[in-house]
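The values are calculated or read from the model by the stated rules, or taken from the named source; none is laboratory data. Fair warning: this is a prediction, and the values are worked out from it, not measured in the lab. Please note: Cβ atoms are built from the backbone with ideal geometry, for glycine as well, and neighbour counts cover all protein chains shown.
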Amino acid sequence: MSQQQGSKRVSSGVIAAISAAVLVIGGGVGWLTWNSTQNSVQPNRVQPSNPQVGNEQTAEIYWLQDTGTSFKLVPQSVQVQAQRNQPNQFLAAAFQRLLEGPTEGSGSSTIPQGTKLLGIEAQDNSVRVNLSGEFTSGGGSASMQGRLGQVVYTATSLNPNAQVYINVDGKPLEVLGGEGLELEQPLTRKSFNENFQP
């Protein structure tokens, strides 16, 4: 009779040990499954509040570099929060960086401080830029040519052959500055180089 009780105790102990092992393994598998599900779902579940986050692209904006006798336009690659397949958004972000002015060592700008981008539209083979009235203030003819080049080249950074139309406060820009730099629009990189480069 004592042998039967002993064997019952062993059986109960074995069952208890197996049950405990099953619970531990089952819990571990459950935890791993839950954890991997959370990790795979999390990126889809948490959407960034700003739709542009993660869409950082490289844009080229143009500064002026003094050559001693004149200036030349030099590109600077900058990171902007925009998508290349949305040219209006992309160019607006590039112009915002341009209008903030140069950083140390990137060149200079003759675009007057306070100039604002009022609108930009890229369509087919043209870009229409609308700037605030500050764009036309101050500076001589070299300054006017420089700022004109900065706008034309930055506006055509996605399409170097695009035609650029410049408006100031919503009106086509025909004469720039007090010295009367006459513009024939549309402008292109080619027409700028032929007519305005010193």
Out of the residues in the range 144-198 that are among the small types (Gly, Ala, Ser), in a loop (DSSP other than H, G, I, E, B) and without any contact (Cβ under 8 Å) to a residue 40 or more places away in the chain, which is surrounded by the most Cβ atoms within 10 Å (Cβ to Cβ)?
GLY178
Subset of the range 120-158 (residues that are under 23 Å from the mean Cα position of the chain (by Cα) and more than 18 Å from TRP63 (Cα to Cα)):
ILE120, GLU121, ALA122, GLN123, ASP124, ASN125, SER126, VAL127, ARG128, ASN130, SER132
What are the pairs with Cβ atoms under 7 angstrom where one residue, in the range 117-139, is among the polar types (S, T, N, Q) and loosely packed, with under 14 Cβ neighbours inside 10 Å and the other, located anywhere, is at pLDDT 95 or above and not in a loop (DSSP other than H, G, I, E, B)? Sequence gap at least six, or different chains.
ASN125/GLN163
Among ALA94, ALA59, which is in a strand (DSSP E or B) and either among the small types (Gly, Ala, Ser) or not assigned by TED's automatic domain parsing to the domain that holds SER132 (or both)?
ALA59
Checking GLY139, GLY119 in turn, the sole residue that is part of a loop (DSSP other than H, G, I, E, B) and assigned by TED's automatic domain parsing to the domain that holds SER77 turns out to be GLY139
GLN89 versus (1) surrounded by 16 or more Cβ atoms within 10 Å (Cβ to Cβ); (2) under 15 Å from GLU60 (Cβ atoms); (3) not hydroxyl-bearing (Ser, Thr, Tyr): which is the lone unmet condition?
(2)
Breaking point among (1) within 19 Å of the chain's Cα centre (by Cα); (2) farther than 16 Å from GLN150 by Cα, for GLU104
(1)
Those residues of the range 97-107 which are acidic (Asp, Glu) and either closer than 17 Å to SER157 by Cα or part of a helix (DSSP H, G or I) (or both) amount to GLU100
SER19 versus (1) loosely packed, with under 13 Cβ neighbours inside 10 Å; (2) at pLDDT below 50: which is the lone unmet condition?
(2)
Take the residues of the range 62-85 that are part of a loop (DSSP other than H, G, I, E, B) and polar (S, T, N, Q): which is surrounded by the most Cβ atoms within 10 Å (Cβ to Cβ)?
GLN83
